[in-house]
1. To make sure I understand, if each residue's beta carbon is the centre and we count other beta carbons within 10 Å, what order do F327, F304, F359, F437 fall in, fewest to most?
2. Using the Cα centre of the chain as the reference point, and only Cβ charges (+1 on K/R, -1 on D/E), how large is the resulting charge dipole? Debye, rounded to the nearest 20.
3. Between 0 and 90 degrees, rounded to the nearest ten: what's the tilt of helix 121-140 against the longest Cα principal axis of the chain?
4. Applying the Karplus parametrisation 6.51 cos²θ - 1.76 cosθ + 1.60 with θ = phi - 60° to the phi angles of segment 276-292, what ³J(HN,Hα) value in whole Hz is obtained for each residue in order, glycine and proline being reported as x?
5. Report, by chain and number, residues whose modeled amide H sits under 5 Å from the one on M346, excluding near sequence neighbours (fewer than 5 apart, same chain).
6. Read phi for every residue in segment 434-447 and hand back ³J(HN,Hα) as whole Hz from Karplus 6.51 cos²θ - 1.76 cosθ + 1.60, θ = phi - 60°, with x for Gly and Pro.
7. Please work out the Kirkwood hydrodynamic radius for the chain, using every pair of different C-alpha atoms, and report it in angstroms with one decimal place.
8. Give the relative contact order (percent, whole number) for segment 374-472; include only Cα pairs under 8 Å separated by 6+ residues.
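Please treat every number below as a calculation from the coordinates, not as lab data. These figures come from a predicted structure and were not determined experimentally. Glycine gets a Cβ as well: all are built from the backbone with ideal geometry, and neighbour counts include every protein chain shown.
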Amino acid sequence: MNRKIKYTLLVFVTLLSVFGTSCKKWLDLKPQDGLIRDEYWQTKEQLDAAVMGCYASLLGGSNIPLAKYLFIWGELRADMVVPGLEISSDDDESKLSGLLRDEFDIMRTQIASTNTLVNWEAIYKTINYCNTVIKFAPEVINRDKTLTQTALNGYLAEAHALRGLMYFYLLRSFGEVPLKLEPTYNDSQIGAIAKNTQQEVYQQVIKDLLFGSENGQVTYGSMAEDRGRMTKFSAYTALADAYLWNEEYQKSIDACNKVIESGKYRLLPNGTQQTDFYNTVYFNGNSVEGIFEFQFDNQKLNPFAPMFGITGREFRAADWIAEGGLFGTDLANLSNKDIRGNGTSMFEANSAICKFTNFRTAATSFTHWFAYRYSDVLLMKAEALTWLAPGNSANGTQAIELVGQIRTARNAQAFVADKFIEIPDPALTANVSQYVFEERAREFAFEGKRWYDILRNAKRGNYANEKLLIDIVSASAQPSKQQTVINKYRDHRSHYFPIYSYELQTNKALVQNSFYQ
């Protein structure tokens, strides 16, 4: 896989000369005016290189790397991450500047359109690469007679699936966003683009992911390739996630079943020791548990060392997690522990988040970013079963069994924060749902999923469980600002980010999200 990534990064550099940066607009990858694109799209090798460029773009970003944006968007408004620096007074807060200030403002629900971390440029860069492949790949089959229609569809499936996943991140983070489905390949292509509705964005996400799942490759020939590229089954995984978001539960179950029945993924065996679990799933990556991972390597380091390192770290685990409130502890036998907890997700002694940095230095910081793992499929199916027919005991039993598979494999503890984790009555839908929700927190700690899990569960049934979100954000708020935070989050428009001010300045068709007007 190292050879593949080096090749991918070389392709990325090559493509930057093809889709260069001739001006600064909200979509920032395009060639210089006057470039004759027909000079590029000639052979299947060039098509392959263009598709590899889509994946290479995941390792880059804009002001900061894309993986860091995804962590920030998925974690900072929730309850599991706090500032790495101790902020104990207004004076401490006043000393923050730049990036740290923007991060702190998100964690304190003081989000403004000038906050650089609501910049969506990194996502749209990848979308533009995908748009370019989707637009021009069909031309190659007329020029290279060795390219088959099946192979072409496979390449298109990767671009569609990756574009669908990128728009799904935008949908969950911003709500209404512009749907840009044509490539920006010269300056004359740039124009004012208005936002689309959430439903329109969702429909495009489903359309892209369906194309990816129906036309994607089953395998690229190796575990590393299959985890680093969008296969049929990674597209089905993202599709299950999107259906779950939109409360289309049977469709989510069906998509999960496609992944489960493929036989290509499994949990590590029951009894796996913590070191083996960490090394296999996180340190080395591309494991039998992985589904789609951003392929950082020693040629392209991840951004996690400064984010989570002990010296000058930006983020740490919330105190309630470091104090045993998430994973639990067996005080009678300290070696008997949840293998996802202390030493895997974080260190209890200093609250350091270590999932992406354990056993690594700044020079060897190339742990992957994990977009999807197999446990996600099992827990998504459990959640969909729970709500497919509320009160259905058979479905609730299946959901509990799926959670149980993960708890057994991870040696989950029965006592957490002096509370016994009881298996719920399968007919009590709210209790089963909470059981699944809490297990997702343990399984995906610090993997950029927590805020989306909170919001999805809260907004279900027209915000029938708004209290879940309010309780979590209010518990994380400063006591003096708790009521202000509660009032803010009761306005459902606040659950999505504002549009970055630069985008409003350069794209006059955009209108600020209504909460921030």
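1. The fewest-first ordering by Cβ neighbours comes to F359, F437, F327, F304.
2. 740
3. Here the helix axis deviates by roughly 40 degrees.
4. Those phi angles translate into 5, 4, 4, 5, 5, 7, 9, 4, 8, x, 6, 8, 5, 8, x, 10, 9 Hz.
5. HN-HN under 5 Å from M346: C354.
6. The phi angles translate into 5, 4, 5, 4, 5, 5, 4, 4, 5, 6, 10, 3, 6, 9 Hz.
7. Its Kirkwood hydrodynamic radius stands at 23.6 Å.
8. 25
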